[in-house]
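These notes concern the structure reproduced below.
The values are calculated or read from the model by the stated rules, or taken from the named source; none is laboratory data. Only a predicted model underlies this, so the values are computations on that prediction, with no experimental measurement involved. Neighbour counts run over all protein chains shown; Cβ positions are idealised from the backbone, glycine included.
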Amino acid sequence: MTVAFVHTVTSLAPVFGALAEELLPDEEIFHVVDESLLGVTRKVGGLTPTTRRRVLGHLESAAEAGANVVVVTCSSIGPAVEASREFVSVPVVRIDEPMADEAVRLGRRVGVLATLPTTLEPTADLVARRGAAEVRSQLCDGAFDALAAGDREGHDELVREGLRRLAGEVDVVVLAQASMARVTDALPEEERPVPILSSPRLGMEHVARLVQARG
């Protein structure tokens, strides 16, 4: 079985590669990285028709290259992924869907934390469509730019600050971007008043079950 990953951030390839080694040790994997998809989406503030076509093209190309499952790790292009599924011959996983389902299972009030507005809206929409009674959103303004500039500590502090504000208002918090996961992984228990969910592991556990069921 072969699993392909489509990323819009280069640094996520090793993150998901490590998870694949752990959870899919017997499967072949390959990565497709196109940072311009996120770059254009950020620049114009949303998905353009051209970006949607390019997302579909990457998914079709991955399937033609031999992928039995394609995993898309960027939430900002999530709506394009959903729209493309019926045109792709293999299962396509939006990495944040299992996280959204788990959040709805854990609580009625779900907080969505993001470092990009283009990710905040599609993730909040996904959580609402998956059945959350109430969704509260929080943007960590400036965090993504700090990370892009190499200021990991600045990014991490802005994410922690956003978590502190949001956690007191909800039953569970979801992190809208896979790149935020390492911040909460290092948090002590006293800074986790509610469950904090991130997409990489939950999504990959879902992929592992899907691969097992298919083969």
One residue from 124, 148, 208, 167 being buried (at least 20 other Cβ atoms within 10 Å of the Cβ) and either in contact (Cβ under 8 Å) with a residue 60 or more places away in the chain or under 20 Å from residue 76 (Cβ atoms) (or both): 124
Qualifying residue in the stretch 25-43 (condition: part of a loop (DSSP other than H, G, I, E, B), assigned by TED's automatic domain parsing to the domain that holds residue 209 and either touching a His at 6+ places or on another chain (Cβ under 8 Å) or at positive phi (or both)): yes
Search result, residues across the stretch 179-193 that are surrounded by 18 or more Cβ atoms within 10 Å (Cβ to Cβ) and over 17 Å from residue 11 (Cα atoms): 184
Boolean, residue 87 is touching a residue at least 40 places away in the same chain (Cβ under 8 Å) and aromatic (Phe, Trp, Tyr): no
Of residues in the stretch 157-215 being of a type in the set (Asp, Glu) and in contact with a strand residue (DSSP E or B) (Cβ under 6 Å, 6 or more places away or on another chain), the one farthest from residue 91 (Cα to Cα): 169
Hits in the stretch 109-121 (condition: surrounded by fewer than 20 Cβ atoms within 10 Å (Cβ to Cβ) and either of a type in the set (Phe, Trp, Tyr) or at pLDDT 95 or above (or both)): 109
Residue tally, condition in contact with a helix residue (DSSP H, G or I) (Cβ under 6 Å, 6 or more places away or on another chain), more than 22 Å from residue 176 (Cα to Cα) and of a type in the set (S, T, N, Q), over the stretch 3-58: 0
Output for the stretch 57-77, where each listed residue is surrounded by fewer than 17 Cβ atoms within 10 Å (Cβ to Cβ) and assigned to a helix (DSSP H, G or I): 57, 60, 61, 64
Residues within the stretch 61-77 that are touching an Asp or Glu at 6+ places or on another chain (Cβ under 7 Å) and either modelled with pLDDT of 95 or more or at positive phi (or both), tallied: 0
Leading residue by the ranking (farthest from residue 38 (Cα to Cα)) among those in the stretch 104-119 that are in a helix (DSSP H, G or I) and among the aliphatic types (A, V, I, L, M): 106
